[in-house]
Each structure stands twice: as structure tokens, then as C-alpha cells.
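Participant: The structure under discussion is supplied below as C-alpha cells; questions concerning it will follow.
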Amino acid sequence: MAKVIDSKIPAGPVPEKWKEYKAHQRLVNPKNKLKLDVIVVGTGLAGASAAASLGEMGFNVINLCIQDSPRRAHSIAAQGGINAAKCYQNDGDSVYRLFYDTVKGGDYRAREANVYRLAEVSNNIIDQCVAQGVPFAREYGGMLANRSFGGAQVSRTFYAKGQTGQQLLLGAYSSQSCQVKAGKVKLYTRYEMEDVVIVDGRARGIIAKNLVTGELERFSANAVVIATGGYGNTYFLSTNAMGCNCTAAVQCYRKGAYFANPSYVQIHPTCIPVHGDKQSKLTLMSESLRNDGRIWVPKNIEDAKALQAGTKQGWEIPEEDRDYYLERRYPAFGNLVPRDVASRAAKERCDKGFGVNNTGLAVFLDFSESINRLGIDVIMQRYGNLFEMYEEITDVFPGDVANEINGVKYYKPMMIYPAIHYTMGGIWVDYELQTSIPGLFAIGECNFSDHGANRLGASALMQGLADGYFVLPYTIQNYLADQAIWAKVGTDRPEFDEAEKAVNAEIDRLMNIKGKRSVDSIHKELGHIMWEYVGMGRTAEGLKIGLKKMHELEKEFDTNLFVPGTKEGLNIELDKAIHLRDFFTMGQLVAFDALSRNESCGGHFREEYQTEEGEAKRDDENYFYVGCWEYKGKGNEPELIKEPLEYEAIKVQTRNYKN
Ligand SMILES: Cc1cc2nc3c(=O)[nH]c(=O)nc-3n(C[C@H](O)[C@H](O)[C@H](O)COP(=O)(O)OP(=O)(O)OC[C@H]3O[C@@H](n4cnc5c(N)ncnc54)[C@H](O)[C@@H]3O)c2cc1C
């Protein structure tokens, strides 16, 4: 019999569901809260906000992260902003409009009820953060300022210069620290979760490695929440922080948690292009730059060739010879089309030979028009730190005048190209953010819940903080209300013994391979396979080749890996080896999902399924579902389980950003 997924979506019309849920949900008796322990793995925006909220509510929280401080979680990298439907500008925004834009942006592959809830709580997030003292940008009159992000025709993105993630994380960290001081949150930094412990079918604890001493430790609790971020680093080169990994999520998947929509990977259009084979990291240039920057390539192939040869510079090409291809193809949204659309359009131009750097894999992002219109001071106020970051990496300052043609000043443009950035897929969760393992919850980027096949800019922070501050603290109580009568399980139970033994055996296995190749050299090769065969343009044939190559490379990893040092004490190479083992599982999962989805939608582009204009062609008749995968052992194809999507408030249609 086919497996049934209970997504626990409340009955009733979409706009009422969350209010309905909250009105009837079970809350834990305050006295019982003191007896209940919750493990929160991760201190990014999702984890820190959840730990702070749960502690504030009276639960005992054990909060772990791999960095030496919660403030160093990957979330600090977020630049551009966070969405909310405040409509301070009176520009026609509303909860419904944010909901609609997000569902449409996700190419109609998100769960409708979840997205409506997200749009509803978006406004509370801004209030919460302002109350914490987050220094959002303000207008001259004092009002919180907004800018636009892709896929929206209103200005709903709140920001703190180009450092929004950092400022939001400092806010969450303050609340979390307050609970640490109050004794409600116990913080474990430099700890990595290696396994989840299941007792009688429920998540009851974790095995974590003390990254400094190398020792394994056991933690038991009434529920486990993972907030461990995305799996973008499977591709080796990405905009993610170097420490981002999917070990916790993959281990939960191995233990029975379904993994949903892994093929939905976001490729961000505005990253600094790859500039050599020694690179281990890519840098994002925030989407906010597309508010004022215009994307273009030359109209004439001769100009493109001259740019590639280095005999011409972008600023020598006059206005009439520039092709602002996004404005040409999508007049209604112009440079602010969603990321998947902008990335594919850049690839299309470069594939046709119009790339503007020596590799032919770059397009221009040009501020000449906006600097001429607004002045350099205004542009620097908006994007100063991004301009400086670009200069630090490329030695080109985008605010420098380079040429004057017919009385028009031309400034040095940025060069950008798409790169792996975010993962919409993740651990499957129901409406309560509970995974398919009772007692195990997943929040933030590591779950799949809200973005469908493509995430709109500035929506990840919104989702992470919605989950952490406003959704999980309610929904987890529905589960915990039953748990108060059970005693917490001891860490001396056989399930803990077994889990710890298995983690230890894996560590020994990796240490004892004693081959010749470093972790990074194999990871880099995996990244090349992923980008080539499971990247921006996928085909059935290419995906099969990719799977075969990954399988072969995994064998190489298992037989020829070299991890220096010992397992005792700090061993960063060992930690990376554990991560790489899990990137292999993840990479294959992405490819399986991509192969099974014979359609194009959002970040998943199968070249066989495109319109004559090169747009993604969905197949709603056959693929209108969440693809959930169940682990079936190393080397075996996982089993696909479908959660059908049901839309009642939004008409499912072909995405249109042209008019
Ligand atoms: C360059 C860049 C810019 C971005 N800009 C924006 C933006 O402007 N707006 C927006 O909305 N989104 C943006 N994003 C996306 C957004 O930053 C992330 O999606 C979001 O911050 C993820 O938050 P998180 O809390 O889910 O995970 P993370 O911030 O990745 O935190 C993960 C946490 O889990 C911990 N962890 C991981 N594995 C383990 C383990 N095994 N054991 C213990 N702990 C573990 C880590 O230590 C960390 O504390 C950007 C992303 C990048 C890369």
C-alpha cells in the first residue's frame, strides 16, 4: 500500500487556517514546561530565534552550534534584507500579495497553507526585531525604509545596509543570551550533531561531537529541533559559508526522516564570477543591487569577442549597443525578475557567446544610469559596503567614472554570473514543522516548507525567523503537551549506546582509509560533477551520467581518502570528511529527484521541458506534488513518496513576468 503523508494542514479556507490552528491548539501547562527539555541544533537565525523563544516560554533548551559563537552562524552573511507585508509605502502591498508573490515565485510548488501563514507572521517579525533594537534603515522622516527584491512589484524588503543578516542575528543572539543568563538555554559551541537517537519511534536525543576534544557526547530531551541550514555546499563552490554542511539533515534522513524536493536548488544570478581553479568560495553581490543596477551584455557579438579578448572595456560600449536583456524580455519586472529567471537568462546570453569576461561566463551589472540620476552619495548610502566588497575582491570600484560618451558618464560596471546559493528542498515537515519522525522538528533553510521550486529574495530570513519566533514555539507544544507525563529517557539506554557506537565506527572507518587524496580534492571533483550534470540545465541523460560519476567518486572517497592526524582533539580535516560523506548522499538525492521530475519548475530546469522562448515548462498534471524521499541504504535508490499539493486560494497558472 502506498504510504500516506499527513501534512496536518488544518481544515477551512486558507486565510483562516493559522488563526484557527492557534485558537484550538494545545498549550503546555506552565508547570510542566519546567520538566521538558528541547534540543535545538543550530544558532543561525532559525535556531537562535527558536532557542530564545522556547527558553522565554519556560522550556529547558540545549542549543548547539559548530562555530565558536552563535553570532558566527552562516546567517550573518545575509546581505540584502527581509520581507514583510507592512505596506508602509502605501504601494498596494498586503498579506495576500506577499502570499501570492511567494507562491508564484516558487512556481506553484509550495504548500499554499504554509505560505499564507508565513505572509501573515511576516509583520510580527519586523515588530519583534525593532523591539530588540535591530537598526533597520530608515527614511529621513524616521519611517523604516524599504527596497524591492525580485518577483515583487512593491517595496517590502526591510534592510540594514548590506548587513541585514548580521544585524538580525545580533538581535536574536541578544534574546538567546538573555535566556542563557536566565539558565533556560544551555549553549554548546563547537559541538556538531552526528546522529539523532530514536527511542520507541520518537526522536529522544542526539549524539554530538565536541569539535575541540574530539569526544562524542550524548544529549537526551523530549524533542529535537534541527536548524542546521542548507546543502548548497554539495556543489563545492557556492555563496554559502565554508562551514555549511548537511550532516545533521542527512543523518536524520538516514534514520527515517523524509527529504523533500531536493532538486530545488537556487542559483543566484548576481555572484562574482569564478576566476580560477584554486577557488574554494564564491561571493554574492546582493540582489538589492538590482534595484539600481542594470544588467546587460553587448548587442553585437564583435563587441563581446573584444571584451573576452580584453581589447575593449564595457564602458567603451555606447548605450545603443547595449542589450539590457532582462528589461527587453520581461518589461513588467525588468531587472527584478525572480532569481531562477534572471540566472537562466544570463546563461542563455553567455551560451550564445555574449559573455563579457575572459571565460565568457559573465554579464555586466551597471550603475551608470542610477549614479547619473541619484548621485554617487545616494548609491553609496544604499550599497557602500557591497561596492567595497566588490573592490576588495576584483580591484574594480563600481563607483569610479571610466568614460564619457556623448556627454553621458559611464561608470565601471560589476561583472556577475549565476552561482549556487540556497536550497529550497530540505527535510520534509508537516504544518507543525514536525518531520516524519515524531518528536523531530526542522526549521529554517534545512526544511523544505515554504519556497516551492524557487525562493524569492529576502524570504529566507523571513521564513527562518517566522519558524523560530512564531511558528515552532506554538506547534511544538502540540507534541510536547503529551510528553510531559513521560520521564525523559536516560542517555544510558541501548539506543544511545548503539548510535554512539555507529558514529565512532564511521569516524574510525574514515581515519583508517589512509589513502592519497585530500577531502578538498574529492569535494572539488564532486562539485564539478554537480555543476556540470545536476546544475543550471539538466537532462535525463546528463543526470544519469552524473549519478554514475558520483557513484564512482564515492568509491574513490571510500578507498583513497586521506585524513591526517587522529580522531582525538581538534581535527578539521576529519570534520570535513564527515561532511563530504554526507554531501555524496545529498548529491545523489538531488540527482534522483531531478531525474524523477520530468518537468521544469523554478530552480529545477530540465532542458527537455522548456517553452520556445526558453522558459521553464511545468507539468501540473503529473508533477503537482511534493517529492519526498525515503532512505533505502547506501548505494540504493531511495523511495519516492508523494504529497499531493492542494490549492484553494490561488489559481495555478503559468508564471508571467512580462506584463
Ligand atoms: C551570501 C548570502 C546572502 C544572503 N542574503 C540573504 C538576504 O539578504 N535575505 C534573505 O532572506 N536570505 C539571504 N540569504 C539566505 C539566508 O542567509 C539563509 O537561508 C539563512 O540565514 C539560513 O538560516 P538558518 O538559521 O536556517 O541556517 P544557518 O544560518 O546556516 O545556521 C545553521 C546553524 O546550524 C549549525 N549547524 C550546522 N550543522 C550542525 C551540526 N551538525 N551540529 C551542530 N550545529 C550545526 C551551525 O553552526 C549554525 O549555527 C543569503 C545567503 C547567502 C549565502
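Here, each number is a calculation from the coordinates, and none is a lab measurement. Everything numeric here is computed off the predicted structure, so don't read it as measured data. Glycine also receives a Cβ, built like all others from the backbone with ideal geometry; neighbour counts cover every protein chain displayed.
Participant: Is it true that residue 196 is within 23 Å of the chain's Cα centre (by Cα), surrounded by 18 or more Cβ atoms within 10 Å (Cβ to Cβ), in a strand (DSSP E or B) and within 14 Å of the ligand (Cβ to nearest atom)?
Facilitator: When the stated conditions are applied, residue 196 passes them.
Participant: Quick one: how many residues across segment 227-249 are of a type outside the set (A, V, I, L, M), within 7 Å of the ligand (Cβ to nearest atom) and not in a loop (DSSP other than H, G, I, E, B)?
Facilitator: Total meeting the criteria: 1.
Participant: So which of 277, 323 ends up being buried (at least 16 other Cβ atoms within 10 Å of the Cβ), of a type in the set (Asp, Glu) and closer than 30 Å to residue 388 by Cα?
Facilitator: Exactly one of 277, 323 is buried (at least 16 other Cβ atoms within 10 Å of the Cβ), of a type in the set (Asp, Glu) and closer than 30 Å to residue 388 by Cα, namely 323.
Participant: If you don't mind, another one. Quick check on my filter: what residues within segment 451-482 are crowded, with 24+ Cβ neighbours inside 10 Å, within 15 Å of the ligand (Cβ to nearest atom) and within 18 Å of residue 17 (Cα to Cα)?
Facilitator: 463, 466, 467, 471, 472
Participant: Quick one: count up the residues across segment 302-329 that are more than 18 Å from residue 289 (Cα to Cα) and assigned to a loop (DSSP other than H, G, I, E, B).
Facilitator: Here the count works out to 6.
Participant: Of everything in segment 406-450 that's small (Gly, Ala, Ser) and in a loop (DSSP other than H, G, I, E, B), which residue is surrounded by the fewest Cβ atoms within 10 Å (Cβ to Cβ)?
Facilitator: 407
Participant: Kindly list, by first and then second residue, each pair from a residue in segment 219-237 that is at positive phi to a residue that is within 12 Å of the ligand (Cβ to nearest atom) and part of a strand (DSSP E or B), limited to pairs with Cβ atoms under 9 Å and residues at least 6 apart or on different chains.
Facilitator: 229/423; 236/420
Participant: Which residues, taken from segment 503-519, are under 16 Å from residue 579 (Cα atoms) and exposed (fewer than 14 other Cβ atoms within 10 Å of the Cβ)?
Facilitator: Listed by number, the residues that qualify are 505, 508, 509.
Participant: Since residue 188 meets every condition but one in (1) more than 17 Å from residue 83 (Cβ to Cβ); (2) in a loop (DSSP other than H, G, I, E, B); (3) aromatic (Phe, Trp, Tyr); (4) touching a Leu at 6+ places or on another chain (Cβ under 9 Å), which condition does it not meet?
Facilitator: Every condition holds for residue 188 apart from (2).
Participant: Quick one: which of 401, 396, 356 is surrounded by fewer than 16 Cβ atoms within 10 Å (Cβ to Cβ) and touching a Pro at 6+ places or on another chain (Cβ under 9 Å)?
Facilitator: Going through 401, 396, 356 in turn, the sole match is 396.
Participant: Within 18 Å of the chain's Cα centre (by Cα), hydrophobic (A, V, I, L, M, F, W, C) and assigned to a helix (DSSP H, G or I) - does that describe any residue in segment 120-138?
Facilitator: The answer is no, given that none of the residues of segment 120-138 is within 18 Å of the chain's Cα centre (by Cα), hydrophobic (A, V, I, L, M, F, W, C) and assigned to a helix (DSSP H, G or I).
Participant: Kindly indicate whether residue 621 is in contact with a Lys or Arg (Cβ under 9 Å, 6 or more places away or on another chain), more than 18 Å from residue 427 (Cα to Cα) and not small (Gly, Ala, Ser).
Facilitator: no
Participant: In this structure, is residue 73 among the aliphatic types (A, V, I, L, M) and either crowded, with 22+ Cβ neighbours inside 10 Å or on the phi > 0 side of the Ramachandran plot (or both)?
Facilitator: Spelling it out, residue 73 is indeed among the aliphatic types (A, V, I, L, M) and either crowded, with 22+ Cβ neighbours inside 10 Å or on the phi > 0 side of the Ramachandran plot (or both).
Participant: I'm trying to understand the selection: among the residues of segment 289-306, which are within 13 Å of the ligand (Cβ to nearest atom) and in contact with a helix residue (DSSP H, G or I) (Cβ under 7 Å, 6 or more places away or on another chain)?
Facilitator: If we filter segment 289-306 for residues that are within 13 Å of the ligand (Cβ to nearest atom), which is where we start, we get 289-291.
289, 290 - these are the residues of segment 289-306 that are within 13 Å of the ligand (Cβ to nearest atom) and in contact with a helix residue (DSSP H, G or I) (Cβ under 7 Å, 6 or more places away or on another chain).
Participant: On the given criteria, is residue 189 of a type in the set (Ser, Thr, Tyr), crowded, with 24+ Cβ neighbours inside 10 Å and touching a residue at least 40 places away in the same chain (Cβ under 8 Å)?
Facilitator: Taking the combined requirement at face value, the residue does not satisfy it.
Participant: Taking segment 155-186 only, how many residues are of a type in the set (S, T, N, Q) and either over 24 Å from residue 456 (Cβ atoms) or without any contact (Cβ under 8 Å) to a residue 60 or more places away in the chain (or both)?
Facilitator: 6
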